[in-house]
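Heads up, the thing below is written out as structure tokens.
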Amino acid sequence: MISIDRRAFFFLFFAWIVSSCVFLSGSGGAGGRVFPGFPIDDAFIHFSFARNLADHFCFGLNAAEWSSGSTSPLWVLLLAVSYKATGAMMASAWMWGALFVFLASLAAYQLVLLETRETRPALYAALFSLVWGRFLWGGFSGMEVPLFSFLMISALVVHRRAVEEGRVSFFSAFLFGLASLARPEGYLLFAIAVADLACRHRRELKKRAARILGYLGVYAAAVLPYMALAVAVSGRVFCSSYYSKMLFFWQLPPGTYLSAFVQYLYSDNPVLYFFVFAGVAWLLVKRRSLWGAWLLLFPIVAAFKVPLLIHHARYTMPFIPLYIAAGFIGWRLVERAQVRAVLLADRKS
């Protein structure tokens with residue numbers, strides 16, 4: 001799925017090891033000692049689900065009470081597997097978090113490479129994803145941040161390849177399904193992906209009907225088991241914690257949310273900030289890219305549906321590698337324009 005030059009891979013691998021060690025060895029308390037914990041209590045909710053699944057074969061916060069309260073059942077499953085094998089929950093979370101930070105950077109590399117056919121912006125996008133603070137914070141927070149980021153970007157990569165080849169990819173549907181099990185935002189991403197396919201194949205929908213139905217079937221096979229559990233225990237289709245977020249008193253007005261979202265975008269990408277907008281615009285207008293539409297639509301939908309920026313806006317953290325990737329695409333566009341201008345000036349002179 002991911003093709004990368006060997007030298008680029010080892011360079012990114014070395015950068016990943018260094019950035020992870022630096023982050024984990026940072027001062028977390030008196031005397032410069034590492035703080036042996038996690039920054040938010042939501043991680044321990046995942047741990048409780050994972051421990052009960054591993055020890056009691058019960059998917060719930062309590063040992064004998066099934067629940068759909070987890071927003072990331074796939075993350076819980078991974079934690080349960082590694083905890084069952086090692087007995088170390090915290091180390092398992094750090095291990096999975098670090099691994100998916102690296103894999104997300106490789107997926108970002110591939111996505112930029114697909115769009116630009118150039119390794120330099122792809123390598124920069126991957127490198128920045130590995131060293132950028134808020135994404136690393138999310139990676140070692142004990143939460144599903146890097147898992148969702150990796151699955152989201154990988155699904156976009158496979159979808160993009162299928163679009164270029166005029167295919168409908170069942171594998172992309174499976175990845176979209178896994179992404180939806182990592183974060184509820186995955187459901188919205190899949191809806192946009194289906195709309196993208198419908199638009200691209202609108203002239204031959206009858207011919208592609210069986211393939212598209214299979215595409216929907218693969219996605220349904222991935223997400224329906226957890227939906228069935230949610231309906232059985234709570235009477236609702238999605239995880240119960242999603243609905244509880246609707247009751248939070250710290251929801252922001254849409255305008256305030258979007259303004260704060262843009263501010264976070266600047267703090268995540270101060271060097272690339274203005275290039276991000278150029279990159280997203282190019283992806284939308286020139287490439288008609290799904291991930292360009294996703295980067296535009298997600299904050300707009302979130303502003304009206306779940307306008308929350310709690311825990312350092314952790315719901316936006318999985319998108320950081322995508323915005324970094326868009327920023328380097330925008331940077332490359334501007335750089336090309338400057339080079340072209342110089343060449344034209346030389347010719348005229």
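Quick notes
- Residues in region 168-184 that are part of a helix (DSSP H, G or I) and of a type outside the set (Gly, Ala, Ser): Phe170, Phe171, Phe174, Leu175, Phe176, Leu178, Leu181.
- Residues of region 200-223 satisfying the condition of being of a type in the set (A, V, I, L, M, F, W, C) and either touching a Lys or Arg at 6+ places or on another chain (Cβ under 6 Å) or surrounded by fewer than 12 Cβ atoms within 10 Å (Cβ to Cβ) (or both): Leu205, Ala209, Ala210, Leu213
- Being among the hydroxyl-bearing types (Ser, Thr, Tyr), open to solvent by less than 10 Å² (accessible area, probe 1.4 Å) and modelled with pLDDT of 95 or more is a description that does not apply to Ser141.
- Members of region 61-108 that are on the phi > 0 side of the Ramachandran plot and open to solvent by less than 20 Å² (accessible area, probe 1.4 Å): none
- Number of the condition not met by Pro121 [criteria: (1) in contact with a Lys or Arg (Cβ under 6 Å, 6 or more places away or on another chain); (2) at pLDDT 95 or above]: (2)
- Of the helices (runs of 4 or more DSSP H) lying entirely inside region 220-310, those carrying at least 2 residues that are in contact (Cβ under 8 Å) with a residue 60 or more places away in the chain are 240-245, 254-268, 290-305.
- Meets criteria (closer than 30 Å to Gly142 by Cβ, small (Gly, Ala, Ser) and in contact with a Phe, Trp or Tyr (Cβ under 8 Å, 6 or more places away or on another chain)) for Gly186: yes
- Qualifying residue in region 125-138 (condition: open to solvent by 30 Å² or more (accessible area, probe 1.4 Å), of a type in the set (A, V, I, L, M), in contact with a helix residue (DSSP H, G or I) (Cβ under 6 Å, 6 or more places away or on another chain) and modelled with pLDDT under 95): yes
The values are calculated or read from the model by the stated rules, or taken from the named source; none is laboratory data. None of the values given here were measured: they were computed from a predicted structure. With ideal geometry, Cβ positions are generated from the backbone for all residues, glycine too; neighbour counts draw on all protein chains shown. Each accessible area value is taken on the protein alone, full model and side chains, heavy atoms only, with ligands, DNA and RNA left out. Shrake-Rupley method; radii C 1.70, N 1.55, O 1.52, S 1.80 Å.
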